[in-house]
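The values are calculated or read from the model by the stated rules, or taken from the named source; none is laboratory data. These numbers were taken from a predicted model, which means no experiment stands behind them. Cβ placement follows ideal geometry from the backbone for every residue including glycine, while neighbour counts extend to all protein chains displayed.
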Amino acid sequence: MSAPLRIGILCHPTYGGSGVVASELALSLAARGHTVHLFSHAVPPRLARSPGPVQMHVAQGVPYPLFHATPHDIAIASSILTLHRTEGLDVLHAHYALPHAVSAYLARSAAIADRDKRAPRMVTTLHGTDITLVGNDPSYAPLTQFVIEQSDAVTAVSADLARRTRENFCREFTLRPCAIEVVPNFVDVALFHPGAAPRDVDGPPRVVHVSNFRPVKRVPWLLRAFALATQGTRAELLLVGDGPDQQPVRTLARDLGIQDRVVFLGERDALPELLAPADVFALSSSEESFGLSALEAMACGTPVVATDVGGVREVVEAGITGLLCEPEDLEGFAAHLAMLLFERDRARAMGAAARHAAVERFGHERVIPRYEAVYRRVLATAR
Ligand code: GMT
């Protein structure tokens, strides 16, 4: 058996997306015998609710009148360096390029300058908007490109994101070829499973959506599609999560006259229990590198209706595990919703296929060894 590794993971403490992937990865790696430290400016909710033996380091820095905002990215780099000097780290794994790959780069550079022990290797996982919306803004792009190039390995959560990264950031590389490995997101299929909560076969048909309610998720657009699909029915839309568009969506639900059929739950940990009884999971984003919440729904046996953007088609197989349509096709999206809400046998069959795909292609036991292989490869390679 290979020796256990000392791994430092850096992530945003988000309720969904990269914060979930990083937390679940940390927990799975620790369960496989590695020593795992997680660095963030707050405890990610997915880690907080687990008793798993991951060592959490909350690095916030201290406020100071000269700072416009407290630079937690520097505090994270500093915290990593302190730990490396005392206990040693083999690998730093940054989730979401900004600012974490920058923090990891800083910590690794300082460790190299120490010279007294081997500096950790640096792996960066790109998640989506760190490349497509934020990282490619001119105010950040040169540094995003630099840290991608400086990483010992770069992974992307979908082939589409890897392609877009190459297009945006890798044309002018001179030092090394731009190798970006696709390691897809994964799901704990023992936690997210169809039996997590019973379906109420006599209850109203139900659509569920989980997101951070940012404009990229287009929740208002979803509301319009839902209204169109379910006019004159008792179908419900369950909205889980919170963010900037929540209040406008509440207003829109009233304007559309569907406020009694739209349920706002806010942020919840009980996702398997909310996803499993739903008839369909809806994802209406304008950009989506992967769509982790759709995968979690699939693992619960719930089929997906989604916009065909980014890497979503790598997760949802159109006509098999869900239905896809063009991002501007509101009528098409509504028709897909109606089909899965009101043809329950078809929805059940797609749900079973979705569960099968989640287990076979994205089960955490299949994906975690791929990250371990990346770590071992960078450790075996001379810089
Ligand atoms: O940019 C975001 O929406 C947040 C980001 C994150 O860090 O959580 O989400 C991205 O990463 C997720 C985990 O890999 C993916 O499942 C999401 O598709 C991706 N979001 C977008 O591409 C919009």
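Every condition in (1) touching an Asp or Glu at 6+ places or on another chain (Cβ under 7 Å); (2) without any contact (Cβ under 8 Å) to a residue 60 or more places away in the chain holds for Ala159 except the one numbered (2). How about segment 275-309: which of its residues are small (Gly, Ala, Ser), over 21 Å from Leu341 (Cβ atoms) and crowded, with 24+ Cβ neighbours inside 10 Å? Across segment 275-309, the qualifying residue is only Ser289. Cβ-Cβ contacts under 7 Å between residues 6 or more apart (or on different chains), taken from a first residue in segment 21-47 that is under 16 Å from Phe192 (Cβ atoms) to a second residue that is among the small types (Gly, Ala, Ser) and in a helix (DSSP H, G or I), are listed as Arg46/Gly19; Arg46/Ser23. Inside segment 136-163, residues that are among the charged types (D, E, K, R), in a helix (DSSP H, G or I) and within 16 Å of Tyr105 (Cβ to Cβ) make up a count of 1.
The C-beta contact set for segment 65-91 (first residue over 16 Å from Thr35 (Cα atoms), second residue among the aromatic types (Phe, Trp, Tyr) and buried (at least 18 other Cβ atoms within 10 Å of the Cβ), distance under 8 angstrom, 6+ apart or interchain) comprises Ile76/Phe39; Ser79/Phe39. Can you confirm whether segment 222-230 contains a residue that is within 16 Å of the ligand (Cβ to nearest atom) and outside the structural domain of Ala159 (by TED's automatic domain parsing)? For segment 222-230, residues within 16 Å of the ligand (Cβ to nearest atom) and outside the structural domain of Ala159 (by TED's automatic domain parsing): present.
Look at segment 5-19 and say how many of its residues are over 19 Å from Ala119 (Cβ atoms), of a type outside the set (Phe, Trp, Tyr) and either more than 7 Å from the ligand (Cβ to nearest atom) or free of Cβ contacts under 8 Å to residues at least 24 places away in the same chain (or both). First the steps, then the outcome.
Within segment 5-19, the first condition is being over 19 Å from Ala119 (Cβ atoms), and the residues that meet it are 11-19.
Those still in the list that are of a type outside the set (Phe, Trp, Tyr) too: 11-14, 16-19.
When the remaining residues are screened for being either more than 7 Å from the ligand (Cβ to nearest atom) or free of Cβ contacts under 8 Å to residues at least 24 places away in the same chain (or both), the result is 11, 13.
Matching residues across segment 5-19 total 2.
Scanning segment 117-135 for residues that are farther than 15 Å from Ala156 by Cα, without any contact (Cβ under 8 Å) to a residue 40 or more places away in the chain and either assigned to a strand (DSSP E or B) or not aliphatic (A, V, I, L, M) (or both) gives Lys117, Arg118.
Highlighted here are the strands (runs of 3 or more DSSP E) found entirely within segment 236-331 that include at least 2 residues which are within 16 Å of the ligand (Cβ to nearest atom) and within 23 Å of Arg346 (Cβ to Cβ): 280-283, 304-307, 322-325.
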